[in-house]
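The values are calculated or read from the model by the stated rules, or taken from the named source; none is laboratory data. Predicted model, so just to flag it, every value in this text is computed and none were measured. Cβ: placed from backbone, ideal geometry, glycine included. Neighbour counts: every protein chain shown. Note: areas computed on protein heavy atoms with side chains; ligands, DNA, RNA excluded. Shrake-Rupley method; radii C 1.70, N 1.55, O 1.52, S 1.80 Å.
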Amino acid sequence: MSVAIFSSKDEDCIERKVQVRNNERTPPSEVDSVYGIEGCVQWIAAGQYKRIALQFPNELMGDAVLVSEKIEALIEGKVFILGDTAYGSCCVDEVSAEHCVADCILHYGHACLSPTRRLPVLYVFGHSPFQTSHCVEGFRELFPNKDEKVIVMYDTVYYYAIEELKQLLESECTNLVVSELLLPDTRQDSSCQTEDSHSGESSIQTICKCGRRLKLSFGADVDSYSIFYVGDEGPTLTNMIMTFNKSKFYSYNPATKTSRKESLNVNRALMKRFYLIEKAKDAQIVGIVVGTLGVSNFADIINQLKKVIHLAGKKSYTFVVGKLNVAKLANFMEIDIFVYVACPENTLLDSSDFYKPVITPFEMEMACNKARTWAGEIYTDFTQLLPGAASYVEMCDDDCEESDVSLITGKLRHIGRASADDKVGAVVKRSELWTMAPQSKSAAEFLSDRSWKGLEQGVGETPVSLAIEGARGIAISYAGEGERNVALKGSPKIAIEYEVEKEENG
Amino acid sequence: MVNFSVEGLREVMDRKNNIRNIAVIAHVDHGKTTLTDSLLAKAGIISSTQAGEKHAMDTREDEQAKGITIKSTAISLMYNLEDWRLSPLKAEQYDGSEFIVNLIDSPGHVDFSSEVTAALRVTDGAMVVVDCVSGVCVQTETVLRQALTERIRPVLMMNKLDRCIFEKCLSAEEIYQQLQRIIEDVNVLISIYSDDTVMGNFRLDPSVGNVAFGSGLHGWGFTIRQFAHFYAEKFKIEESKLMKRLWGSNFYNKETKKWGKLPGEGWVRGFECFVMDPLTKMLRAALENSKDEVVLMSQKMGIQLTSEEKQQEGKHLMRVVMKKWLSVSEAMLEMIVLHLPSPKTAQRYRTDILYEGPLDDEAAIAMRECDPQGPLMIYVSKMVPGKEGGRFYALGRVFSGTVFQGQTVRIMGPEYDPNKKKDSHLFIQTIPKMAVLMGGGSMSIGNVPCGNIVGLVGIDKYLLKMGTISTFEHAHNMKMMKFSVSPVVQVAVQCANPTDLPKLVEGLKRLSKSDPMVQCISSETGEHIVCGAGELHLEICLKDLESVHAKIPIKVSAPIVSYRETVSAKSDRVCLSKSGNKLCRLYATAEPLPDGLPEEIDEGIVTATQDFKERSRHLVENFSFDSTSSRKIWCFGPHNSGPNLLVDSSKSVQNLHDIRDTIVAGFQWVTQEGVLCEENIRGVRFDLQDAHIHPDPSHRRGAQIIPAMRRVLFSSMMTARPGMMEPVYLVEIQCPDSILGGVFNVLSRRRGHVVEESHDQNTPMCQIKAFLPVRESFGFTEELRSQTGGKAFPQCVFDHWQVVPGEALDVTSLAGSIVTEIRERKGLPANLPALEAYLDKL
């Protein structure tokens, strides 16, 4: 583990530089086509939306004003620009949109295509430069054999060029499958919900993973296909490699115009993830970190996690910390492991810098749910774990306590909650012989074990005073602030004292 | 046919005086398993014709194939002893002529020493087997020492006497001298390691009957008493008197028929005259096929040969006759029954060293009395894989009470603390089944009273490797076993197919249960590490993992040695690191601990839990600590118990107490993952010299202090001339003098150095003791064999940690290259981070 810097310097906040991939703004003449202004306007008109939120990732923020102006000119309604998303910019930020009471969102740029909860969304992927012919050349180099079974995946930003690419590639390869994006308007397609349902009479099976839909001939095994990915390396590719971890991956990067075989050692990566599952089994106190408020069902998965964690005899606490960083999580020393509930592309986190590891909901399920068996798959999409989804496994609630060996500490550990714990109400004489020694520890117990327990409370020594009303509102300007002494502004603590003073005087 | 039943066995189990729990211990290849065969044959487990060749206690395929024992194997045997054999026992010392011998055959190879330790814990007596030709060897000494520290009484079995007669062609007097010398050697060891005050003063002496001689392979053997018994009738002398004359300096004059104390013309040593002469005559006669002589002599000795037996030729004839005349199993049995203690006797003096709790509580009293009505106390010393895959028998000794099916018991892990209200190391469970272990198999039994060895079924889930089982609510643990070896060689294993990962992990868990020594660890990189005591141990463990526990193909890395990081001087300055928010400052230095202190911490003489005043006094007296700082030791590390200290040398620092937890957390982390290559740290004392801590608690949280503490300790190590430590084996090599040169060559090429060289007076054999770094030991055995034509056999056992020559910061030195090597393996940047990365300026 590298020396983690758990806390960022003060000046970092001010000096922080946002990574922007291409600083250049789109030439105004091209904005119309790149941002599909016409389509946007049509969609807004069709839905008769009045308050429209535009969400841009940081790298496209430069064009935001131009786009919003263009759209506003063409519709009847108000347009808002959402800046600085709380979580990944690939996710639709519904909460920000709700701040301005928007009734629809236009999401620009790269997207993870996670299903949203409340608002209608239009994805506009933009047009990243893409040279089809060069890509075909790269494809030919990687797959000299025409019979090779290949699935073509692509980053959403190249969506516009895919139809053209498909036609070119079909002459190159006979067993070609081009993935389709799972867009909100096509999502209603019932076949997407389950993994292997084959639509009606045709002999085609549809597989929906990673926000993509694959149509394979019935009986074909997705593992036997190689996958050709168009796009640069990043979370999208990693996510796909982990999800389709039995397939060979090849990629073509249109930005650098290079094609290669992906060398990410899946075996090693899986071993690392498996180590984290073991670590999760050891953990007594689990922190559930909310990493998305946009993906639908996020509350369901949190509740399910809480239940599963409880049944495994562990304690859980839920945290909302906005964008995740090392320093934020290091403040909770009592937590043994964190579960990060986020969209599929952000959920796989290399947590080696963190004080305590951060894992995915699937891994937590693996650790707690004895009924779940593992055959090498990784589900980055937590909706797959919910009741009704393809890979939902009922937690066996048999109350039995199990123990096994932890390979991390080399000691025995308990799995499953202590049987006597929940049956407090039953009229049973609790003989010492029959009760188990409960082992679950809570943060309160952790605190009580600490040598320093906080500031001196001095109970009984300080006089008791009645609660009084303090300043109200938000820190930037408290309600009624103008009437007060300017020097006291800003600090609620001082404001309280000020009020005390006032009361004494008055 | 087994000539006893479970019911019969169960009946005798209640007679405390008629039980003997013994382990057979010896150096490798001295013939433990061969001798055990004879005992098994006598109990009817195997046919007597197979005895000596079957190696019935080698129940595993690889044991049979390699011809060495790997696991300790337990078996319960029942015998009916003839009356004359029991005559020396007083009437109250036995109860009927049936005896149970719970026997554990142990491995002799040093890599499996932990198996011997586990075997010894559940027994009261040990039969030490020594090869008459090679005498006392390194492992003889190790196992004997282990036995004596466990307060286990030994008897001696001198094996391979036939080799002295036929192979070496020694004269009777020479044989006597040789035997006498070996017995003396063993007696010296006993007097060094045994605690006279409790076990009583005892010596091994053939004239007492606690030494037997024989040949396990050919199935013959005797004690002096056997001969004395025979001659006693003939000469009408008391048996006990005669026994004294048949050993030692007692000489017989055939002409005058008188006994004397001095050798001289016409005077022959009693042993030679009455023991060796008839023995060699019979052996030679049988071997040379002079049947008449054999028949004549057998008649003299009072043995009847059937006509079928007379038909046999040469070697077979010898075996048949000798077995009938001087059966080795009877000689051993006599020795075991007469000279090894029953549980009733042994538990009286062993309870003190076995029990952690107060010696006057209910459990201790019941154990001392071996009371079947008392609270149940069982010590489980190892897990034995069952026939049907996956489950284990918990092999344990019932020290008090009676264990029965369906009993609800408290299963306490090694770290159980009776003073804690809730303890995760305690399980309360019922015992579904139990069995008497019979080598490879087992026999179900309903209950087992104290004093016996039992295999518990169905509780393997609640125990890792060992533990205590009791019904007494306030029972403390039985003491943990102390192993003489430690796991210093490790390999990383991977499954060939990633989907097999769960199987691999499950297999590793089983492996760590099945072997008392092996350690299986998952590392952060996702690799799975298996640590063993030596190359052979690892080889066996990995084979088990692949074929028995995980049943999947695995990939194994080259062996890796675990290293330790250390420092060799005091930090050249007081180092400073600031917290991330720059509001807290920590100052620290590092220096090496005084010589010998890390070892004392390892051995538990100096511990984190002992009274701080006592510890302080000890440190001041023995390690010249100054008295103030020795009282301000904050903690040990890693794991709160390791050989590194954190000392608070600061003076009147505000709020220091508030951040103590986070400082300690930082220290623990550092001692576990050092600055050089994230190996454990050993033998370093860190002094917290000063600290500047922000008064606002929110500015001195763990997030601020832990990294600052790590950085300040890292920089203090880097300024204190950091170095690496490596584990070192003590190698013992036995070889003929003629090839000494080759041995020295191999040793010096591998950075080994000889510490002791002793020559045998009578034989051209020579014993060498040398230190050899573990790093250089891979392939050592093979190289030595090839260099010396297979005449030198090394035994390697972990001895100590040693500083690797060179500065760790200098990449051209050995220490530096080891650092680079480890960093590469762990995927760290190849170059060490600069000091400036950790050291802050004010």
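Taken over region A:35-86, residues that are in contact with a Leu (Cβ under 8 Å, 6 or more places away or on another chain), open to solvent by 10 Å² or more (accessible area, probe 1.4 Å) and part of a loop (DSSP other than H, G, I, E, B) amount to 1. Only one of the numbered conditions (1) surrounded by fewer than 21 Cβ atoms within 10 Å (Cβ to Cβ); (2) at pLDDT below 85; (3) in contact with a Ser or Thr (Cβ under 9 Å, 6 or more places away or on another chain) is violated by B:G390, and that is (3).
Criterion applied to B:G702, B:G666, B:G604 was being away from every other protein chain (no Cβ under 13 Å) and not charged (D, E, K, R), and the one residue passing it is B:G604. Taken as a whole, the condition of being open to solvent by less than 10 Å² (accessible area, probe 1.4 Å) and not aromatic (F, W, Y) does not apply to B:M78. Residues in region B:685-709 that are crowded, with 24+ Cβ neighbours inside 10 Å and of a type outside the set (G, A, S): B:F686, B:L688, B:Q704, B:I705, B:I706, B:P707, B:M709.
The residue of region B:456-487 that is nearest to A:K411 (Cα to Cα), among those that are touching a Ser or Thr at 6+ places or on another chain (Cβ under 6 Å) and either among the small types (G, A, S) or touching a residue at least 60 places away in the same chain (Cβ under 8 Å) (or both), is B:M466. Tell me, yes or no, whether region B:162-172 has at least one residue that is surrounded by 24 or more Cβ atoms within 10 Å (Cβ to Cβ) and not in a helix (DSSP H, G or I). Checked against the condition, which is being surrounded by 24 or more Cβ atoms within 10 Å (Cβ to Cβ) and not in a helix (DSSP H, G or I), region B:162-172 yields no hits at all. Has region B:195-205 got any residue that is over 25 Å from B:T123 (Cβ atoms) and open to solvent by 10 Å² or more (accessible area, probe 1.4 Å)? Taking every residue of region B:195-205 in turn, none turns out to be over 25 Å from B:T123 (Cβ atoms) and open to solvent by 10 Å² or more (accessible area, probe 1.4 Å). Of all the numbered requirements in (1) within 24 Å of the chain's Cα centre (by Cα); (2) within 30 Å of B:P707 (Cα to Cα); (3) within 14 Å of chain A (Cβ to nearest Cβ), B:I560 misses one, and that requirement is (3).
Look at B:M301 and say whether it is under 26 Å from B:N80 (Cα atoms) and touching a helix residue (DSSP H, G or I) at 6+ places or on another chain (Cβ under 6 Å). Against the criterion (under 26 Å from B:N80 (Cα atoms) and touching a helix residue (DSSP H, G or I) at 6+ places or on another chain (Cβ under 6 Å)), B:M301 qualifies. The residues of region B:633-672 that are open to solvent by 40 Å² or more (accessible area, probe 1.4 Å) and within 27 Å of B:A834 (Cβ to Cβ) amount to a single one, B:Q672.
Take region B:512-526 and flag every residue that is more than 7 Å from every other protein chain (Cβ to nearest Cβ) and surrounded by fewer than 23 Cβ atoms within 10 Å (Cβ to Cβ). Across region B:512-526, the qualifying residues are B:S514, B:S523. Before we move on, is B:L456 closer than 30 Å to B:E63 by Cα and crowded, with 20+ Cβ neighbours inside 10 Å? Considered against the rule, which asks whether it is closer than 30 Å to B:E63 by Cα and crowded, with 20+ Cβ neighbours inside 10 Å, B:L456 comes out as yes. Taking the listed residues A:A299, A:A330, A:A342, the one that is open to solvent by 20 Å² or more (accessible area, probe 1.4 Å) and small (G, A, S) is A:A299, with no other qualifying.
Residue-wise test of (1) out of contact with any Pro (no Cβ under 8 Å at 6 or more places or on another chain); (2) within 28 Å of B:F483 (Cβ to Cβ).
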{"position": "B:Y587", "(1), (2)": "yes, no"}
{"position": "B:P594", "(1), (2)": "yes, yes"}
{"position": "B:L597", "(1), (2)": "no, yes"}
{"position": "B:A608", "(1), (2)": "yes, yes"}
{"position": "B:E614", "(1), (2)": "yes, yes"}
{"position": "B:R617", "(1), (2)": "yes, no"}
{"position": "B:F623", "(1), (2)": "no, yes"}
{"position": "B:T628", "(1), (2)": "yes, no"}
{"position": "B:R631", "(1), (2)": "yes, no"}
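For region B:525-539, a residue qualifies if it is under 21 Å from B:L501 (Cα atoms) and modelled with pLDDT of 85 or more, and the qualifying residues are B:H528, B:I529, B:V530, B:C531, B:L538, B:E539. Filtering region B:495-511 down to residues that are facing chain A (nearest Cβ under 7 Å) and at pLDDT below 85, which residue is nearest to B:L395 (Cα to Cα)? My answer is B:P502.
Within region B:800-819, the set of residues being touching a residue at least 60 places away in the same chain (Cβ under 8 Å) and open to solvent by less than 70 Å² (accessible area, probe 1.4 Å) comprises B:H800, B:W801, B:Q802, B:V804, B:G806, B:E807, B:A808, B:A815, B:I818, B:V819.
Number of residues in region B:411-443 that are within 17 Å of B:M480 (Cβ to Cβ) and assigned to a strand (DSSP E or B) equals 3. Here B:I739, B:I768, B:I706 are screened, and the one residue that is over 28 Å from B:I182 (Cβ atoms) and β-branched (V, I, T) is B:I706. Checking each residue in region B:533-552 for being within 14 Å of chain A (Cβ to nearest Cβ) and either β-branched (V, I, T) or touching a Cys at 6+ places or on another chain (Cβ under 7 Å) (or both) picks out only B:I552. Considering only residues in region B:444-474 that are part of a strand (DSSP E or B) and of a type in the set (S, T, Y), the one that is farthest from the other protein chains (Cβ to nearest Cβ) turns out to be B:S444.
Taking the criterion of being open to solvent by 10 Å² or more (accessible area, probe 1.4 Å) and part of a loop (DSSP other than H, G, I, E, B), the residues of region B:123-142 that qualify are B:V133, B:S134, B:V136. The one condition from (1) closer than 30 Å to B:H549 by Cβ; (2) in a loop (DSSP other than H, G, I, E, B); (3) not hydrophobic (A, V, I, L, M, F, W, C) that B:Y379 does not meet is (2). Counting only residues that are touching a residue at least 40 places away in the same chain (Cβ under 8 Å) and either crowded, with 20+ Cβ neighbours inside 10 Å or in contact with a Ser or Thr (Cβ under 9 Å, 6 or more places away or on another chain) (or both), region B:404-441 holds 17 of them.
Here is a yes/no grid of residues against (1) under 30 Å from B:F112 (Cβ atoms); (2) surrounded by 17 or more Cβ atoms within 10 Å (Cβ to Cβ); (3) at pLDDT below 90:
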| site | (1), (2), (3) |
| --- | --- |
| B:V712 | no, yes, no |
| B:P722 | no, yes, no |
| B:Y729 | yes, yes, yes |
| B:E757 | yes, no, yes |
| B:K769 | yes, no, yes |
| B:Q787 | yes, yes, yes |
| B:G790 | yes, no, yes |
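Kindly establish whether B:V491 is away from chain A (no Cβ under 11 Å) and in a strand (DSSP E or B). In short, yes.
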